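Here's the structure we're looking at; comments come further down.
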């Protein structure tokens, strides 16, 4: 289900409600985050922001075939990654022979000009970035400023505050979280952040990551298939 004109009235915001029921969540057949992102990038020209990942996780992810930049590279017509962590980018290039990733700040004129010279681009991927940013609206506003007219659409993934594991952990009296995260998001609040930055959210789809054990996998598959709002992360498609 796409975000409706009625939803956009509240997201922009032209209207206000203290108890709005946001139902415009796409129950995608692609329940896996990697599968959905792959389908969004298949045959496209892709800019992958924050492509490097954490240094201590990259090797295992590459070996397991779940390193996002590697997955996107395998399905896209062209995929160029950019990351501010120059030492990690250099490690990836030297250790794994990955050449389609470059160090730089996407908000620098040199990076923006690099991508402008190779226009047009179909998709910019922001995978698990916004939850680390102190001001995600300002961050996306900069994306809009530098890349409007350069790339057609933005695909963002963030952790879902409504995920089943958060509910389960709360019953046990704790929150399990990456300590670098600044935010959790719900389907409506991530769409609201996107809209506040001057972008147009088109749809939100809850997805899952990779489950740790067969028992957890069975339970999560059952619950998340029946109740998509309980999935682990949110994928947002937006127009620049």
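The values are calculated or read from the model by the stated rules, or taken from the named source; none is laboratory data. It should be emphasised that the depicted structure is a prediction, and the values quoted were computed from it without experimental measurement. Methodologically, a virtual Cβ is constructed for each residue, glycine included, from the backbone with ideal geometry; neighbour enumeration extends over all protein chains shown.
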Task: 3 or more residues modelled with pLDDT under 90: qualifying helices (runs of 4 or more DSSP H) within segment 1-109 - done: 55-64
Open item on the list: Against the conditions (1) buried (at least 21 other Cβ atoms within 10 Å of the Cβ); (2) within 16 Å of the chain's Cα centre (by Cα); (3) touching a residue at least 24 places away in the same chain (Cβ under 8 Å), where does residue 67 fall short? Just the number, please.
Closed with: (3)
- [ ] Check 153, 116 and return the single one that is farther than 22 Å from residue 184 by Cβ, within 14 Å of the chain's Cα centre (by Cα) and either without any contact (Cβ under 8 Å) to a residue 60 or more places away in the chain or surrounded by fewer than 20 Cβ atoms within 10 Å (Cβ to Cβ) (or both).
- [x] 153
TODO: Check off (1) exposed (fewer than 12 other Cβ atoms within 10 Å of the Cβ); (2) within 14 Å of the chain's Cα centre (by Cα) for residue 18 and give me the number that stays unchecked.
DONE: (2)
- [ ] For segment 115-123, state whether one or more residues are assigned to a helix (DSSP H, G or I), at pLDDT 90 or above and closer than 22 Å to residue 240 by Cβ.
- [x] yes
TODO: Check whether at least one residue in segment 77-95 is surrounded by 15 or more Cβ atoms within 10 Å (Cβ to Cβ) and over 30 Å from residue 145 (Cβ atoms), and report yes or no.
DONE: yes
Task: Residue, farthest from the chain's Cα centre (by Cα), within segment 128-149, restricted to residues that are farther than 13 Å from residue 235 by Cα, touching a residue at least 40 places away in the same chain (Cβ under 8 Å) and not in a helix (DSSP H, G or I) - done: 149
Task: All positions within segment 192-240 that are modelled with pLDDT under 80, part of a loop (DSSP other than H, G, I, E, B) and either touching a strand residue (DSSP E or B) at 6+ places or on another chain (Cβ under 9 Å) or surrounded by 14 or more Cβ atoms within 10 Å (Cβ to Cβ) (or both) - done: 209, 210, 211
